[in-house]
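The values are calculated or read from the model by the stated rules, or taken from the named source; none is laboratory data. Please read these numbers as outputs of a predicted model, since none were measured by experiment. Every residue, glycine among them, receives a Cβ derived from its backbone with ideal geometry; neighbour counts consider all protein chains shown. Heavy atoms of the whole protein, side chains included, go into the accessibility calculation; ligands, DNA and RNA do not. Shrake-Rupley method; radii C 1.70, N 1.55, O 1.52, S 1.80 Å.
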Amino acid sequence: MPAYDLANRLVVGVASSALFDLRESDAVFREQGEEAYRAYQEQHVDHTLRPGVAFGFLRRLLSLNDLGEPDDPLVEVIILSRNDPDTGLRVMRSIEAHELPVSRAVFMQGRAPYAFMTALNMSLFLSANGDDVREAVAAGLPAGHVLGSAYADDPADRELRIAFDFDGVLASDAAEQVYQSGGLEEFRAHETRNAATPHDPGPLRDFLAGVNRIQRREEERRRTDPDYPSRVHVSLVTARAAPAHERAVRSLKQWGVTVNGAFFLGGIEKGAVMKVLRPHIFFDDQVTHLRSTSLTTPSVHIPFGRINETAR
């Protein structure tokens, strides 16, 4: 078999706990131990797992492969699992039952699988295991902890709407550190003084760059097919407001990435915006913001930066 090159693809790693609803089997593991869990999964190997928090997002992301050639997909989703291969059979059969084009997987029998992210060119890893995610982020890897339970997904909706916070997600948390130590006025003054200086990139800048590559494919499709509807929409949703908005906008431009819309909320609750925006996934570095968004929106905590070190 010829080598399969991941270099120019958008590669996302996902734990089975983020792709599917594993609350029932996880309860068996916690209450009865590993052997009972293995027996339970074997007994239920043909019982298709229900979609989990990240299912709709990943289904739509994979659907964008129709913009490329059948043997040269733009997007690759790879399972990164703590299961062993035997107990992972139920996951792979559920993937097949849901008709997801996912064929690659890593099963690590109880060990954290995130160490393989770099080898597999992943720009994002999603898991419901908070410890795995924190360890991955501490190692400098782009990982997120999915929050909440599964969400109703409309298969007829072909769009993919992604929303990002800015500080601690797309950018480093340097400005957030100024806010935490000096307050709002010092933060505003600092960002105004440095408006022309781009922020250092944060953990998900490269993931956004990969999404932008797919959006450029959509632009190419529209040039040959004017009726083609844009499916990918990216929004920035941040607690920043004027005048601190300018440095964020300039940073995105100087990094060579783009968003379709921006919400500079200045402290307005993000959950209210999400109910209208209806993204299929939202990334934020602060759990306090995600408590409201996760009630209605597939939400992901990026445990990056000093504020999350303090939380630990």
Can you give me the relative contact order of the chain as a percent, contacts being Cα pairs under 8 Å and 6 or more apart? 19
So how exposed is residue 289, as accessible area in Å² (1.4 Å probe, rounded to 10)? 50
Leaving ligands, DNA and RNA out of it, work out the accessible area of residue 233 with a 1.4 Å probe and give it in Å² to the nearest 10. 60
Rg and Dmax of the stretch 188-240, using alpha carbons, in Å: what are they? 16.0, 47
Roughly speaking, what % of Cα-Cα pairs in the stretch 19-147 are separated by over 19 Å, rounded to a whole number? 52
Tell me the volume per residue, in Å³, of the convex hull enclosing the alpha carbons of the stretch 100-217. 181
Using a 1.4 Å probe on the protein chains only, how many percent of the accessible area of the stretch 156-312 belongs to carbon and sulfur? 50
Kindly report the accessible area of the stretch 161-263 per residue (heavy atoms of protein chains, probe 1.4 Å, no ligands, DNA or RNA), in Å². 46
Which value, in nm² and rounded to one decimal, describes the direction-averaged projected area of the C-alpha convex hull of the stretch 161-266? 6.7
Just how far, in whole angstrom, is the stretch 155-204 from the stretch 22-49 if you go by their alpha carbon centroids? 40
Just going by the charge dipole of the chain, with Lys and Arg at +1 and Asp and Glu at -1 on Cβ, which of 17, 268, 56 is farthest out on the positive end? 268
One would report the antiparallel percent of DSSP beta bridges in the chain, rounded to the nearest 5, as 15
Where GluC sites (Glu not before Pro) fall in DSSP loop in the stretch 133-196, at most 16 other Cβ within 10 Å: 159
Would you mind computing the Rg to Rh ratio of the stretch 225-312 from its alpha-carbon coordinates, Kirkwood style for Rh? 1.01
Rounded to the nearest 0.05, what FRET efficiency do residue 119 and residue 42 have when you use their Cβ-Cβ distance and R0 = 22 Å? 0.15
Can you run the Rg to Rh ratio on the chain? Use alpha carbon positions and the Kirkwood inverse-distance Rh. 0.97
Contact order normalised by length for the stretch 38-150, with contacts defined as Cα pairs under 8 Å and 6 or more residues apart; what percent is it? 26
Size of the dipole of the chain about the Cα centre, Lys and Arg at +1 and Asp and Glu at -1 on the beta carbon, nothing else charged, in debye to 20? 760
The chain: most fluctuating residue of 105, 175, 156 per GNM, C-alpha cutoff 10 Å: 156
Whose amide H sits under 5 Å from the amide H of residue 299, counting only residues 5 or more places off or on another chain, with H placed in the peptide plane? 147, 282
Any chance you could get the radius of gyration and Dmax over the Cα atoms of the stretch 89-168, in Å? 14.8, 39
Taking the stretch 155-197 on its own, what percent of its Cα-Cα pair distances exceed 14 Å? 60
Rounded to 5, percent antiparallel among DSSP beta bridges of the stretch 2-155: 10
